[in-house]
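Chemist: Before anything else, here's the structure in question.
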Amino acid sequence: ENDINAISIKSLEITSNFPLCSTNLLDGLISTHHLKYLGRQQFGLFLKGLGLSLEESLKFWANEFTKSIGLDKFEKEYKYNIRHSYGLEGSKINYKPWDCRTILMKSRPNKGEYHGCPYRDFSKDQLKLKLSNMGLNENEILTVLDINSKGDYTNSCTKVLEFKTKGEVMDHITHPNLYFERMRSFSQ
Ligand code: SF4
C-alpha cells in the first residue's frame, strides 16, 4: 500500500522522518515556491525514492510552483525535467535518488539554493537552530556539533538519527532515503 501522494508528502507523519537535507529543501520550496535545478533534482529524486509516483510528483511540484507562476509556465519549463527524472524523456534513464556522496560532490548551494548537505553547508548557529527544531536537547546538539567539526558530515547525520531513535538505530547514514526508512520504521 502506498500512502505517499502529492498531499501526504507534506504531512508531519512523513516529513518528521526526513533527514536535514530534505527538510531544508522542503522548507525552501514552501517558502519560495521554487527550487533551482540541483534542488529540484536532489529533492525530486528523494521523493521518488519514497514512492511518489510521476503523476503525484507532477501534482506536488505544480501545487507549489503555481503559487508564484502560472500553470502554463510550469508545464513549459519544469514538467519535462520531472518526467525526465522518472525516465520518460530524453535518454530514458530511470534516475536513482542521490546518496550522500553524490550530494556532497555537487557544487555547494549559493544564496537562494537549498540543495547540498546542511551539515557541511550551514553555519554553526544555523545548524544549532535546526537541530533544536529537530528535537535534540542541548547536550545532544553539542555532541553533534563536535562530530561535525571533524568534517565527516554523514557521521553527524548518523548521530542525529541515533539520538532521535533513542539509540535504537545505529546504521551509518550514507543515503537520505536510508535515513528516512530507518526513522519511519522507528516512529511507526
Ligand atoms: Fe542528507 Fe546525507 Fe547530509 Fe544526512 S548526511 S543531511 S542524509 S546529505
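Chemist: Excluding the sites themselves, what is the longest stretch of the chain that contains no GluC sites (Glu not before Pro) in a DSSP loop with at most 12 other C-beta atoms within 10 Å?
Modeler: That would be 2-167.
Chemist: For the stretch 30-79, report the % of Cα-Cα distances exceeding 16 Å.
Modeler: The proportion of pairs with Cα distances above 16 Å equals 35 percent.
Chemist: Which chymotrypsin sites (Phe, Trp or Tyr not before Pro) from the stretch 70-106 combine a DSSP loop assignment with at most 16 other Cβ atoms within 10 Å?
Modeler: Passing both the DSSP loop test and the Cβ count: Tyr95.
Chemist: Kindly give the semi-axes, whole Å and largest first, of the ellipsoid equivalent to the stretch 39-173, taking each as the square root of 5 times a Cα gyration tensor eigenvalue.
Modeler: 32, 17, 14
Chemist: Roughly to the nearest percent, how much of the accessible area of the chain is carbon and sulfur, given a 1.4 Å probe? Kindly include the intermediate steps, with their values, before the conclusion.
Modeler: On the way: 4910 of 9980 Å².
For the chain, the apolar C and S fraction of the accessible surface comes to 49 percent.
Chemist: Turning to a different aspect of this structure: Hey, with R₀ at 22 Å, roughly what FRET efficiency would Glu75 and Tyr37 work out to, going by the Cβ-Cβ distance, to 0.05?
Modeler: Efficiency, rounded to the nearest 0.05: 0.80.
Chemist: Turning to a different aspect of this structure: If the label point is 7 Å along Cα→Cβ of Glu89, which residues in the stretch 23-51 have backbone nitrogen under 16 Å from it?
Modeler: 35-42, 44-45
Chemist: Given springs between every Cα pair under 10 Å in a Gaussian network model of the chain, which of Phe43, Phe60, Phe122 has the largest fluctuation?
Modeler: So, out of Phe43, Phe60, Phe122, the one fluctuating most is Phe122.
Chemist: Taking a probe of 1.4 Å, how large is the accessible area per residue of the stretch 36-188, in Å²?
Modeler: That works out to 55 Å² per residue.
Chemist: Once you place label points 7 Å from the Cα toward the Cβ at Thr102 and Ile7, how far apart are they in nm?
Modeler: Reported label-point gap for Thr102 and Ile7 is 3.1 nm.
The values are calculated or read from the model by the stated rules, or taken from the named source; none is laboratory data. Just so it is clear, the structure is predicted and the values come from calculations on it, not from any experiment. Here Cβ is always computed from backbone atoms with ideal geometry, including for glycine, and neighbour counts include all displayed protein chains. Ligands, DNA and RNA are excluded from the accessible area calculation, which covers all protein heavy atoms including side chains. Shrake-Rupley method; radii C 1.70, N 1.55, O 1.52, S 1.80 Å.
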